[in-house]
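S.K.: Input: one structure, supplied below.
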Amino acid sequence: MIKTIIIEDDEILRKGLHQMLQLYAPNFEVIAEAETVDSAVEHLSSLQPDVIFLDIMLIGGTGFDVLKNYQDKNGFPKFQIVFITAFEEYAVKAFRMSALDYLLKPIDPDELKAVIAKIEKTKSPSQESFELLIEQLGKQKTTKKIALSTAEGIHIVVIDDIVYAQSDSNYTTFVLNNKKQIIVSKPLKEYEELLADKGFLRIHQSYLVNISYAQFFDKIEHTLQLNTNAVLPVASRKKELLLQTINKLTK
């Protein structure tokens, strides 16, 4: 059984999530519930769960206060963390950039099932991912790293080191400037949204490129050569946007 604690100050939502876990995840055993920061830290310290569902806003503070107080007493958490939040764009983007799991209120059963399936496959939480989350929440616009979750683990990558990303159905391959490749099981569109303000441009259905590596645009062949010698196709409908972006770089 996977020992689980639900930390949520809304009793209706808390009980509802408990019932949903019983229905969709019979191997998840809810061993405690909490609604305040202090009671949450007490339960985490004494019961040592495998997974926690953690609301952002709690009685007496926030979910981040729970984790900080726990860490001060016990060291880095060894349990999996699934954040629960009302829709706040900056926070959701931070979760996605950090490859950490989250659920939006009201909780959708299909989204819960997807998170459950991921938890069952993941061996351990990533300290680097959590540290990256805190960094991003504090300075979203200047974030310099992204977490890429693969079957083997989570890679923390400097965004500027990504040359381009290539789509292959529901998988995305990231190519770094040291020629390393990282394959993640998420579509390219998700990363297009995350990296849009980091100097990345979708130049083709299958390619998202870090424009700082651009070297030569062939108007005849409709290809973009990068300073790594990679040559990528450019879709006709992306030509004008690419030219505009390149022109901005030269000003």
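S.K.: Taking amide hydrogens as modeled 1.01 Å from N in the peptide plane, which residues meet the under 5 Å criterion relative to residue 207, leaving out close sequence neighbours?
M.R.: Under 5 Å from the amide H of residue 207: 167.
S.K.: Cut-off 10 angstrom, C-alpha nodes, Gaussian network model of the chain. Which of 32, 86, 151 fluctuates the most?
M.R.: Taking springs between Cα atoms under 10 Å, the residue moving most is 151.
S.K.: Let me ask another. Would you mind telling me the antiparallel percentage of the DSSP bridges in the chain, rounded to 5?
M.R.: On the way: 31 of 51 bridges.
Beta bridges within the chain, antiparallel portion: roughly 60 percent.
S.K.: Mind checking the angle between helix 89-98 and the chain's longest principal axis? C-alpha axes, 0 to 90 degrees, to the nearest 10.
M.R.: Roughly 80 degrees, rounded to the nearest 10.
S.K.: At 1.4 Å probe size, with every protein chain present, just tell me what the per residue accessible area of the chain comes to in Å².
M.R.: It amounts to 53 Å² per residue over the chain.
S.K.: Within the set 113/186; 15/189; 145/186; 78/118, which residue pairs have Cα atoms separated by over 28 Å? Write out the running numbers ahead of the final one.
M.R.: On the way: 113/186 17 Å; 15/189 35 Å; 145/186 18 Å; 78/118 16 Å.
Violating the 28 Å Cα-Cα cut-off are 15/189.
S.K.: Also, I was wondering about something else. From the helices alone, meaning DSSP H stretches of at least four residues, give me the mean residue ellipticity at 222 nm for the chain, per-run term -39500 (n - 2.57), in deg cm²/dmol to the nearest 500.
M.R.: Roughly -11000 deg cm²/dmol at 222 nm, from the helical runs in the chain.
S.K.: Then there's this: What's the carbon and sulfur percent of the chain's accessible surface, probe 1.4 angstrom, rounded to a whole number?
M.R.: That fraction is 49 percent.
S.K.: Helix 11-24 versus the longest principal axis of the chain: what is the Cα-based angle in degrees, 0 to 90, to the nearest 10?
M.R.: 80
S.K.: Oh, and also: For the range 209-218, take each phi angle, set θ = phi - 60°, evaluate the Karplus expression 6.51 cos²θ - 1.76 cosθ + 1.60, and give the result in whole Hz per residue in order, putting x for glycine and proline.
M.R.: 10, 7, 5, 5, 8, 5, 10, 7, 9, 8
S.K.: Then there's this: Just how far, in whole angstrom, is the range 148-216 from the range 46-97 if you go by their alpha carbon centroids?
M.R.: Each part reduced to its Cα centre gives a spacing of 28 Å.
S.K.: Given a Förster distance of 30 angstrom, what is the FRET efficiency for residue 105 paired with residue 156, based on the Cβ-Cβ distance and rounded to 0.05?
M.R.: Numbers: r = 28 Å, r/R0 = 0.95.
After rounding to 0.05, the efficiency reads 0.60.
S.K.: Given a 10 angstrom Cα cut-off, can you work out which residue in 148, 13, 21 is the most mobile in a GNM of the chain?
M.R.: Checking each option, the largest mean-square fluctuation is seen for 13.
S.K.: Could you list which residues have their amide H under 5 Å from that of residue 145, counting only those 5 or more apart in sequence or on another chain, with H placed in the peptide plane?
M.R.: For residue 145, the qualifying residues are 159.
S.K.: Using the charge dipole of the chain (Lys, Arg: +1 at Cβ; Asp, Glu: -1 at Cβ; taken about the Cα centre), state which of 225, 150, 207 has its Cα farthest towards the positive end.
M.R.: The listed residue farthest towards the positive side: 225.
S.K.: Calculate how steeply helix 63-74 sits against the longest principal axis of the alpha-carbon atoms of the chain, using the helix alpha-carbon long axis, and give the answer as 0 to 90 degrees to the nearest 10.
M.R.: 70
S.K.: Under the Karplus relation 6.51 cos²θ - 1.76 cosθ + 1.60, θ = phi - 60°, what is the ordered set of whole-Hz ³J(HN,Hα) values for the range 229-239, x standing for Gly and Pro?
M.R.: Each residue's phi maps through the Karplus curve to give 6, 6, 10, 10, x, 10, 5, 4, 6, 9, 4 Hz.
S.K.: Say each of residue 1 and residue 76 gets a label point 7 Å from the Cα, pointing the same way as Cα to Cβ; how far apart are those two points in nm?
M.R.: 3.0
The values are calculated or read from the model by the stated rules, or taken from the named source; none is laboratory data. Just so it is clear, the structure is predicted and the values come from calculations on it, not from any experiment. Note that each Cβ is placed from the backbone with ideal geometry, even for glycine, and that neighbours are counted across all protein chains shown. For the accessible areas, the whole protein counts, side chains as well, though only heavy atoms, and no ligand, DNA or RNA atoms are used. Shrake-Rupley method; radii C 1.70, N 1.55, O 1.52, S 1.80 Å.
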